[in-house]
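The values are calculated or read from the model by the stated rules, or taken from the named source; none is laboratory data. On a predicted model such as this, the values are computed, not experimentally measured, just so you know. Glycine also receives a Cβ, built like all others from the backbone with ideal geometry; neighbour counts cover every protein chain displayed.
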Amino acid sequence: MIHVFIDGSAGTTGLRIRERLTKRDDVCVISLSDDLRKDVSARREAMGDADVVFLCLPDDAAREAAKLAPPDTVVIDASTAHRTAEGWAYGFPELSEEHRAAIVRAKRIANPGCHASGFLALAYPLVKAGIAPRDYPFVCHSVTGYSGGGKKMIAEYEAEERSALLDAPRLYGLPQEHKHLPEMTKIAGLSHAPAFVSIVSDFDCGMCVTVPVFPRFLSKTCTKEGLFCFFAEYYAKHSTIQITQKSEDGFLSSNALRGKDGMEIFVGGNDERILLAARFDNLGKGASGAAIQNMNLVSGLDETLSLVI
């Protein structure tokens, strides 16, 4: 029996983790009453009784919460706080065997950011294989549903009387200082950050992260078909990631994988301008699904247990 404590179980990520885990007969979820949810002593005791702790908290609160957990307790942090921190494994096992091995033996695991997951699924293999140089001028566009903005944004979008500006897609992170940029840069092994265009739109769950590639600037000669074969081989062992060239009649919908925990990588464009895209649920592979996958791995279980692929 795996004893689990979710610190921040009332948030969107925490709620979905709890929903999935309470259906399992090999997991016991430790709960605190509403009046003890923020009590430091009660939380410390719950972490001491747990085998795995999920932190579903704002960044500063996650940093403080991580200090409460015993050294031998596995902590999986869904916030941004520890994604580039020393001593924390980066929780994206499909990226490489090194990432997977680090997760399996880790006591501290940083869950990837949703935008970062899509970008890294596309950019990391290109840099690792020497196809793209470390100084390649990557550009990344990411369209996400509003659930990734947390309770405040969800309430804003779902209010009966709301601003008409919410009816159209909205760019944000305009100063190019989005909190996912540090992990996108470091984990991909880039010498400088990509230009990142983040967009929130009027749908609840799902996202599509797009990275255009100009073959003439790559370190190795590539065609569209060549990159399709490359990604198909790179992720061949992973049932959580599918490679495709199919669209919906010439469209890619950002919410196509809503409610699922896998990822789809699309290779399109032409031999002069190749278009790479990663589609997944921002609360699935972009948050709670990835967290549960990491818990399964570190617990020595089938990584897809209780996931929807």
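Checking N270 against (1) assigned by TED's automatic domain parsing to the domain that holds F54; (2) surrounded by fewer than 22 Cβ atoms within 10 Å (Cβ to Cβ), which single condition isn't satisfied?
Unmet for N270, out of (1) assigned by TED's automatic domain parsing to the domain that holds F54; (2) surrounded by fewer than 22 Cβ atoms within 10 Å (Cβ to Cβ): (1).
With a cut-off of at least 2 residues that are free of Cβ contacts under 8 Å to residues at least 12 places away in the same chain, surrounded by fewer than 19 Cβ atoms within 10 Å (Cβ to Cβ) and not hydroxyl-bearing (S, T, Y), name the helices (runs of 4 or more DSSP H) lying wholly within the range 84-158.
97-104, 150-158
Looking only at the range 224-239, how many residues end up being under 25 Å from P112 (Cβ atoms) and either touching a Ser or Thr at 6+ places or on another chain (Cβ under 7 Å) or charged (D, E, K, R) (or both)?
Of the residues in the range 224-239, 3 are under 25 Å from P112 (Cβ atoms) and either touching a Ser or Thr at 6+ places or on another chain (Cβ under 7 Å) or charged (D, E, K, R) (or both).
Select from the range 159-179 the residues that are surrounded by 13 or more Cβ atoms within 10 Å (Cβ to Cβ) and either over 12 Å from Y146 (Cα atoms) or not assigned by TED's automatic domain parsing to the domain that holds P194 (or both) and list them in ascending order.
Scanning the range 159-179 gives R162, G173, H178, K179.
Inside the range 191-207, can you point out the residues that are surrounded by fewer than 21 Cβ atoms within 10 Å (Cβ to Cβ) and out of contact with any Ser or Thr (no Cβ under 6 Å at 6 or more places or on another chain)?
Hits for the range 191-207 are S191, H192, P194, A195, V197, I199, S201, D202, F203.
Taking the range 178-218, which residues are under 26 Å from P93 (Cα atoms) and in a loop (DSSP other than H, G, I, E, B)?
Passing the criteria: H178, K179, H180, G189, L190, S191, H192, A193, P194, C205, G206, L218.
In the range 181-202, is there at least one residue being more than 18 Å from G118 (Cα to Cα), modelled with pLDDT under 95 and among the acidic types (D, E)?
Among the residues of the range 181-202, not one is more than 18 Å from G118 (Cα to Cα), modelled with pLDDT under 95 and among the acidic types (D, E), which makes the answer no.
Here is a list of conditions, (1) in contact with a Leu (Cβ under 8 Å, 6 or more places away or on another chain); (2) under 24 Å from A78 (Cα atoms), and Y136 meets all of them except one; can you say which number that is?
(2)
What's the total number of residues in the range 262-309 that are over 30 Å from T221 (Cβ atoms) and part of a loop (DSSP other than H, G, I, E, B)?
Adding up the residues that qualify gives 15.
Which one of these does A78 not meet: (1) of a type in the set (G, A, S); (2) in contact with a helix residue (DSSP H, G or I) (Cβ under 8 Å, 6 or more places away or on another chain); (3) farther than 22 Å from L307 by Cα; (4) crowded, with 21+ Cβ neighbours inside 10 Å?
(3)
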